[in-house]
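**Q** Encoded as structure tokens, here's the structure I'll be asking about.
Please treat every number below as a calculation from the coordinates, not as lab data. Keep in mind that this is a model prediction, so the values were computed, not measured. Note that each Cβ is placed from the backbone with ideal geometry, even for glycine, and that neighbours are counted across all protein chains shown.
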Amino acid sequence: MDHEAYNWISRRAHELWQEEGHPNGRDREHWSQAAQEWSDLSLRQQSPITPSHVTPIRKVLVVDDEPLIRFATLDALEDAGFEVMEAANAYEALVILNSTPVDAVFTDVNMPGATDGLALAKLVRARSPKTRVIVTSGHVQLGVYDLESGVSFVPKPYTHEAIVSLLKR
């Protein structure tokens, strides 16, 4: 299964779980239903898109301790039409997230402080399961099984077009 299919199915299975009130012992059914929906989309030769009941991403929080990388990403996302906020570390990100809802968080893995990008991703998903999270790193390579459900990984160096594409999907 490719990365895109796994991420779509994972997000959809999580949505089904939420819609049913977080029942225990039904993960397999949710994953099977999500996989069938993915298959149906593919058979109709439609592009794999997020279900229509999910709102599009408008507001993005960019978290990176490298100012030049953060600024370049902010500019690219603003040019693509997103409302963008920034944080230099996970602590700053959590302060922002406690006061302002966002649709997506794009975070580096390695940052100074007690909380790294992976822990931040886990906190974001726990507090706001519908918030899209994308993590990036130039130091570690993460597979789909290393991440929380609904979290994507993009290795550095990345293109801004790749990030925009993931956010618009």
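**Q** Applying the Karplus parametrisation 6.51 cos²θ - 1.76 cosθ + 1.60 with θ = phi - 60° to the phi angles of region 76-88, what ³J(HN,Hα) value in whole Hz is obtained for each residue in order, glycine and proline being reported as x?
**A** 5, 5, 5, 4, 7, x, 8, 8, 10, 10, 9, 8, 8
**Q** Would you compute, from DSSP H runs of 4+ residues alone, the mean residue ellipticity of the chain at 222 nm, taking -39500 (n - 2.57) per run and dividing by the full residue count, rounded to the nearest 500?
**A** -14500 deg cm²/dmol, from helical runs alone.
**Q** Report the calculated FRET efficiency for Lys59 and Ser149 (r = Cβ-Cβ distance, R0 = 25 Å), to the nearest 0.05. Working shown, then result.
**A** Values: r = 22 Å, r/R0 = 0.86.
It comes out at approximately 0.70.
**Q** At 7 Å along Cα-to-Cβ for each site, give me the label-to-label distance between Leu41 and Glu19 in nm.
**A** 1.3 nm
**Q** Mind listing the long-range amide H neighbours of Phe153? Cut-off is under 5 Å, sequence gap 5 or more, other chains count too, H placed in the peptide plane at 1.01 Å from N.
**A** Distant-sequence amide H within range of Phe153: Val135.
**Q** Going by amide H atoms built from the backbone, whose H comes under 5 Å of the H on Phe106, apart from near neighbours?
**A** Leu61, Val62, Val63, Ile134
**Q** A follow-up question, please. If you wrap a convex hull around the C-alpha atoms of region 115-169 and split its volume per residue, what is the figure in Å³? Display every interim value, and only then the final one.
**A** Working: hull volume 4.4 nm³, N = 55.
Taking the convex hull of the Cα positions in region 115-169, it is 80 Å³ per residue.
**Q** Working out 0.36 nm times the residue gap between Asn98 and Glu4, then minus their Cα-Cα distance, what length gain in nm do you get to one decimal? Don't skip to the end; give the middle numbers.
**A** Values: separation 94, 0.36 × 94 = 33.84 nm, distance 2.98 nm.
Fully extending the segment from Asn98 to Glu4 adds 30.9 nm.
**Q** To continue, here is another question. Calculate one ³J(HN,Hα) per residue across region 152-169 by plugging θ = phi - 60° into the Karplus curve 6.51 cos²θ - 1.76 cosθ + 1.60, and present them in order as whole Hz with x for glycine and proline.
**A** Rounded to whole hertz, the list is 10, 10, 10, x, 8, x, 10, 9, 5, 4, 5, 5, 4, 4, 4, 6, 8, 5.
**Q** Here's a follow-up. Taking just the C-alpha trace of region 3-43, give me its Rg and Dmax in Å.
**A** 10.0, 31
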